[in-house]
Structure formats: structure tokens, C-alpha cells
Amino acid sequence: MEFKVGVCQFKPELMQIDKNLAKMESLLESISADLIVLPELAASGYLFNSEEEVQNIAEDPMNGPTATLFKRLAKQLNTSYVIGFAEKAENGIYNSAMLVNPDNSVHIYRKTHLFFEEKRWFKAGDTGFKIIRAKNNVKVGLMICFDWIFPESARSLALSGAQIIAHPTNLVLPWCQQAMITRSIENGVFSVTSNRIGKEKNGNNTLNFTGMSQIVDTKGNIIHRMDKNEESVFVTEIDPLESDDKGITEFNDLFLDRRTELYRS
Ligand code: ACM
């Protein structure tokens, strides 16, 4: 099965939702793909200093500016998209990602493991690690940024049948891109990590994001890794069905060889 998967890397401007969405549209409007992954909190930026700021950028998951743009692009370009956004819910605000399909469906994942000061602004996600069908019925699992450091995130998605892990990020620590190679190997899945770039400053706080967005195959080969500063979209053709084969050798299988009775939960 041929499936064109892509990753988009850019520098959002803090709290400039319209400007950031316009930039994403200009990066994507000429790109033909089946699935493209964009960064965490892509329209809003990341470094908040108050609850008020977060309230101001939080969006309705179905009809906010991010959902509106990506529903339009999905239909226009016949592409599924995964993009991180701040989700305004009845009981609070979540650091979420949406998967938007050409058939106008929108599916939400809420970040399970919040990083650092995110715990001040966001509620911990309650959706869990579910499989979402993207274009062509491909099975996509969503996790967001710091979820990577808990191997259970990718494992749960793979055990549920994910063929591609779509991983929007705003990475500041140096380890994730290398670790995601292992996540792909140990679970036999493709992973697409989309990171942002640039320095973000808010008051006295500053963060530097590490770029190096990447697509990794089921054996841990880096199909493509961007550099630390480029703003671009990369698309490659993969066969998602490769993820359904968990064999390692004639005698070994990633899932059948698990000894869950000896593991701690
Ligand atoms: C992160 O989870 N945004 C580091």
C-alpha cells in the first residue's frame, strides 16, 4: 500500500494565531500527501506566563480557527492532518492534537503527560491512546511531545494497532529525536515527529526549540530528519502495512514474545 506521509516544521509566533495559521497554509497549499503532521500548539506558540494568556488562545476543537483551516485544507487537498492546539473544553483547557480528515471528521487526543509549567495551564489528558483512522483507513496513533519519555505511550498505541505514530512536539530537551528511533524499533511502527524551531520569549522566560523533525521507519531507519532551523515540509512514500509485521527473526516477535506475567505495571 502506497501512502504519502509528511512532516511540517516552522516557527510559530507566540499568541499570533492568524499569522501562524496563514504561515502553515502557505507551507502546505502546494503539498500533495495523504497525511501531514504539524507541531504541538502550532497556532498559539508555547511559552505562556498566565492563565489569561492561555484562555485567550484556547480554541473550540470543532469550529475554532485551527479546525476551520484544517478542515478546509483536508477537503481541498485530500489530505489528513495532525496538528497540536490548545483545546477549550467545558471543564478546562487541554494541550491537545486533532486529526482532521478529508471527510470533515475531527478526532481529538489530549496530551497525557504534561511537561514542566504546562501543569500550570493545562488539564492532564483523559482521552488515552486510541487509534484513529486517517485517509485510506490507515491506523494512526497520536501522542504529544513529552509523552515520548514514557515508553507506555508508544507501546499502548502499537498494541492497539497503530501503523503510524503521529507526534506533534515543541521539544526543548535534547533526547527525543534519538529516543523515537527506539520507539519505532521496539514497536515496529513508523513514527513522525514534528517539532517547531526558534526561540520564544515571554517576559523574563525564554525557550529554544530544537527542530530536527523526522520520519522513522519500522526498523528505526531515519527516512528524513530536518535541520535545527529550517521551515519546510517533507513528504515521503511509505507502506503502512509494514507496521503490521512484528517479526524480528524466525523465532522472535515483538508482541508474541512479551512476558507480561514478569513485568510490573
Ligand atoms: C514538551 O512536552 N512540550 C516538551
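Bear in mind that the values in this text are calculations on the coordinates, not laboratory data. Since this is a predicted model, take the numbers as computed values, not measurements. Every residue, glycine as well, gets a Cβ built from its backbone with ideal geometry; the counts of neighbours run over all protein chains shown.
A few comments on the model shown:
- The helix-based estimate of mean residue ellipticity at 222 nm for the chain, built from -39,500 (n - 2.57) per DSSP H run of four or more residues and divided by its residue count, is -6000 deg cm²/dmol to the nearest 500.
- Gyration tensor (alpha-carbon) shape descriptor, the range 1-46, a/c threshold 1.5: prolate
- Rounded to whole Hz, the Karplus (6.51, -1.76, 1.60) HN-Hα couplings of the range 146-159, x for glycine and proline: 4, 3, 4, 6, 9, x, 4, 5, 5, 4, 4, 5, 5, 4
- Vicinal HN-Hα couplings computed from phi for the range 29-39 (Karplus, 6.51 cos²θ - 1.76 cosθ + 1.60; Hz; Gly/Pro x): 5, 10, 9, 9, 7, 9, 8, 10, 9, 10, x
- Normalising the Debye intensity of the chain to I(0), with uniform scatterers on Cα atoms only, and taking log10 at q = 0.07, 0.10 Å⁻¹ returns -0.22, -0.45.
- Burial ordering of Met1, Met98, Met15, fewest other beta-carbon atoms within 10 Å first: Met1, Met15, Met98
- With neighbour counts taken as other beta-carbon atoms within 10 Å, the residues Ser96, Ser160, Ser194 rank, fewest first, as Ser160, Ser96, Ser194.
- HN-Hα J in Hz across the range 238-252 - Karplus 6.51, -1.76, 1.60, θ = phi - 60°, x for Gly and Pro: 10, 10, x, 5, 4, 6, 7, 9, 9, x, 10, 10, 3, 9, 10
- Computed over neighbours whose Cβ is under 14 Å from that of Ile17, the net charge equals -4, Lys and Arg +1, Asp and Glu -1.
- The alpha carbon gyration tensor of the range 207-265 gives principal lengths a ≥ b ≥ c with a/c of 1.5 or higher and a/b no greater than b/c, which makes the shape oblate.
- Ranked by how many other Cβ atoms sit within 10 Å of their own Cβ, fewest first, the residues Lys23, Lys199 fall in the order Lys199, Lys23.
- Charge tally for Val233 (other residues, Cβ to Cβ under 13 Å; Lys, Arg +1; Asp, Glu -1): -2.
- Across the chain, the mean sequence separation of Cα contacts (distance under 8 Å, 6 or more residues apart), normalised by length, yields a relative contact order of 21 percent.
- Per-pair calculated FRET efficiency, R0 = 35 Å: Leu173 and Thr68 via Cβ, rounded to 0.05: 0.60
- Gaussian network model of the chain, Cα within-10 Å springs - most flexible of Ser80, Ser32, Ser153: Ser32
- Cα long-axis angle, helix 65-77 against the chain (0 to 90 degrees, to the nearest 10): 50 degrees
- Restraint check, Lys4/Lys123; Lys4/Lys228; Lys201/Lys228; Lys111/Lys135; Lys130/Lys246, Cα-Cα greater than 25 Å: Lys4/Lys123
- By DSSP, the beta bridges lying fully in the chain are antiparallel in about 70 percent of cases.
- Over all other residues within a Cβ to Cβ distance under 11 Å of Arg133, the charged ones net out to +2, with Lys and Arg as +1 and Asp and Glu as -1.
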